[in-house]
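Peer 1: The structure under discussion is supplied below as structure tokens; questions concerning it will follow.
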Amino acid sequence: MKYFSQMKSTKLLFICSIAVSLLIFGSSCSKEDMDKNNVTLGSVTTADVTDITSTSAYCRGTITNFGGSSSYTSGICWSPIMGAASISDNHTTTTNESTFDAVMTGLTANTTYYVKAYFTNEAGAVYGNEKTFTTIALDTNVIDTTTIDKNLVRTWKITTNGFNAPWGIAIDKDGNVYTSELFGLKISKFTYDGTLITNWGVPGIDNGQFNHLKQIAVDINNNVYACDVHNQRVQKFTSSGNYITQWGNPVAVIGEGAWGAGTIAVDNANGWVYTVDQFNRVQKFDTSGNYITQWGGTGSENGQLILGNQANPTDQGPEGQMAIDAAGNVYVVDNMNFRVQKFTSTGTYLTKWGSQGNGEGQFNYPQGIAIDNVNGVIYVSDNSSNYNASNNIARITKFDLSGNLIKQLRYVNHQSFGTLAVSSEGNVLVIAGGSVIEYNLR
């Protein structure tokens, strides 16, 4: 009896020990298990693919359900096989972003791809709706990066200070090259081979001083016209930098005065100066600054313009450049409408070309324009993505005077193209970062 009583006590003690162990184990793991058990599969959507080039494209995803998780990853995956796009294929990865962007690179030209956004948490991976796109085909009109060195003539530095932001460029009748610096606030004059001759300009409001110096132009007498934007004026100088005159208006008025003009061009055959200001109007002056006429205004209809940031009239960004052909017609890079517009010298609308996109003849971030009046062709600079973005394809496209595409140069090197000028030989000079790059695109 005593033996069975001891067995019963031992059994009871064993059972109690197990119960205590389970209680301790349960209390130590229940929070983690509970959190994990409360996490469910999330959900994500895939946006349409944009900014398509021959080798890259852009896509956005949005997480619509986190599944109760605070630890997750998301991204975009793509494949040339329908239905096969998964994390095991080419993909990008982001964390802690409900809406995420991705640039797909290393793509093959003229190829169809299938794209999905994905989302993963402790419960597993889910995929968004599948999107499809086809990269742009290269053809005989396109000069790609494998042949670009054949077109490069030379490169020379304007500045080593990236903050100076070289902006405008012009060439005088003697072949000297002038550049302006947005924040460096000076105009520099170089020989055609890039040797500095002189420069002038400092910050301020007095004659010869600048505040936000944008585009420049040169007349038949080698006088230089400068868009002194935040001082609300155009200043005129001799080729050596001596101040001549100025015009503008210190207050925001709709009347004449070129208020905050950032774009300028000279018609040397007729002695006229054109500007585009922050009211998106083209204004016409003589070379002394006397007002003649104006046209344009803000909008997307024929003859209307949107140059720069309309939400902030004091910060217009990289407005489109202007150019004049041998007949006196005026061409404006209507950059925020992704087109070039052509007018007579009195403002009559003639034609337009371009639309938003990275295809041939399309524009995404256009800025520069220059006309080779000897050969009757137009060059327009454009960028496939934001300026200096790591995926940018900088482009110069050649058109006839009616806007028909002739050929295009693509520069895939994280380099952005700005304003343009054409030499007497017909070569194209472009502002590119802190340098001038010269190409032979004839």
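None of the figures in this text is laboratory data; all of them are computed from the coordinates on show. As the structure is a prediction and not an experimental result, all values here were calculated from the model. Note that we place each Cβ from the backbone using ideal geometry, even for glycine, and neighbour counts take in every protein chain shown.
Peer 1: Say each of Asn249 and Ser98 gets a label point 7 Å from the Cα, pointing the same way as Cα to Cβ; how far apart are those two points in nm?
Peer 2: Here the modelled spin labels are 4.5 nm apart.
Peer 1: Could you order the peptides 274-285, 118-129, 291-302 from most to least packed, using the average number of other C-beta atoms within 10 Å per residue?
Peer 2: Top to bottom by mean Cβ count within 10 Å: 274-285, 118-129, 291-302.
Peer 1: Need the full-extension length gain, Asn375 to Met82, defined as separation in residues times 0.36 nm minus the C-alpha distance. One decimal, nm.
Peer 2: 100.7 nm
Peer 1: Ok, one more. Within segment 142-439, count lysine pairs with alpha carbon atoms under 19 angstrom apart where the residues are 8 or more positions apart or belong to different chains.
Peer 2: The result is 20.
Peer 1: Ok, one more. Hey, what's the Kirkwood Rh for segment 165-253 if you take every pair of different alpha carbons, in angstrom?
Peer 2: Value: 12.8 Å, from the Cα pair sum.
Peer 1: Pop the C-beta distance of Thr238 and Thr105 into the FRET formula with R0 = 56 Å and round what comes out to the nearest 0.05.
Peer 2: The formula returns an efficiency of 0.70 here.
Peer 1: If you don't mind, another one. Rounded, prolate or oblate: pick one for segment 88-243, where a ≥ b ≥ c are the square roots of the eigenvalues of its C-alpha gyration tensor, a/c under 1.5 means rounded, and failing that, prolate if a/b is larger than b/c, else oblate.
Peer 2: Prolate shape, in that a/c is at least 1.5 and a/b is the bigger ratio.
Peer 1: Given H placed 1.01 Å from N in the peptide plane, which residues other than close sequence neighbours of Ala84 have an amide H under 5 Å from its amide H?
Peer 2: So Ala84 has HN proximity to no qualifying residue.
Peer 1: Please work out, to two decimal places, the log10 of the ratio I(q)/I(0) at q = 0.15 Å⁻¹ from a Debye calculation in which every Cα of segment 142-439 carries one identical scatterer.
Peer 2: Reported log10 I(q)/I(0), two decimals: -1.14.
Peer 1: Starting with the highest mean, order 98-107, 41-50 by the number of other Cβ atoms within 10 Å, averaged over the residues of each peptide.
Peer 2: 41-50, 98-107
Peer 1: Between the alpha-carbon centers of segment 214-244 and segment 339-367, tell me the distance in whole angstrom.
Peer 2: 26
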